[in-house]
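Scroll down for the structure; my scribbles are underneath it.
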Amino acid sequence: MYRGVSIYYAESLDTIGDNLKEVKPSLFSTVPRLLEKVYEKIMAKGKELTGIKKNLFFWAVGVGSKFEVGKKMSPLYKLQLAIANKLIFSKWREALGGNVRAIVTGAAACQVRLLRVFTAGKITIMEGYGLTETSPVISVNRYDEDGRRFGTVMHRRRRLVPYR
C-alpha cells in the first residue's frame, strides 16, 4: 500500500493475454510453464508469417538466443539486437501490456533459452525461489545485470542442521 502497488488476477488461462493488455503491468510474477506457453504461442504466430516477415522473426529469435547478461557485446551484436528490438521484440512487449520491464518466475527452474530471448527483448526475467506458502518467492535474482546470471536459482533441498 505504501508504494501504491496493485494486485490483479487473471480471469482464466485463456484470458491472460487480454488481461495483461488491460492491466499493463510493469512487473508480474508467474511460473515458468506459463512463460513457456507464451513463448510457444509467439513461436506459433511466427511460423504463420510469410516471406521477409518470417525471416526477420526467426532472425530476431536467433539474435536473442545468443544474449548473455554481464558480457560485453560487440558493436555488430548491439546493432543486431537494436534492430531485433525495434522490429520484433517490441511486438512481444506490446502483447504483454506494453509496459512490462520485468517478470519474476519461480516454483520451478525456467529454461535458460527463455531467459535469454525475453531478456534480450527488454523483458527481464528474474528467477526466484520460494515455496507455495511464501507466495510467490522469498528470494529473487537481481534486476540489474551486474551480478545476475541465467540459470542460477537452486531448486534442491538443503540439509538443515539443528542449532546446538
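In table form, for the structure just shown:
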| read-out | value |
| --- | --- |
| Some residue of segment 47-61 being out of contact with any Phe, Trp or Tyr (no Cβ under 7 Å at 6 or more places or on another chain) and under 23 Å from D144 (Cα atoms) | yes |
| Test result for T50, of a type outside the set (D, E, K, R) and surrounded by 15 or more Cβ atoms within 10 Å (Cβ to Cβ) | no |
| Residues that are assigned to a helix (DSSP H, G or I) and charged (D, E, K, R), drawn from segment 19-50 | K21, E22, R33, E36, K37, E40, K41, K45, K47, E48 |
| Unmet criterion (only one of (1) among the β-branched types (V, I, T); (2) modelled with pLDDT of 90 or more; (3) closer than 30 Å to S139 by Cα; (4) not in a loop (DSSP other than H, G, I, E, B)) for I16 | (2) |
| Pairs where the first residue, in segment 65-82, is more than 20 Å from R149 (Cβ to Cβ) and the second is assigned to a helix (DSSP H, G or I) and among the aliphatic types (A, V, I, L, M), C-beta under 6 Å, 6+ apart | Q80/V63 |
| Segment 87-104 - residue that is closer than 15 Å to L34 by Cα and of a type in the set (V, I, T) and, of those, surrounded by the most Cβ atoms within 10 Å (Cβ to Cβ) | I103 |
| A84 within 28 Å of V23 (Cβ to Cβ) and surrounded by fewer than 18 Cβ atoms within 10 Å (Cβ to Cβ) | no |
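The values are calculated or read from the model by the stated rules, or taken from the named source; none is laboratory data. Keep in mind that this is a model prediction, so the values were computed, not measured. Glycine gets a Cβ as well: all are built from the backbone with ideal geometry, and neighbour counts include every protein chain shown.
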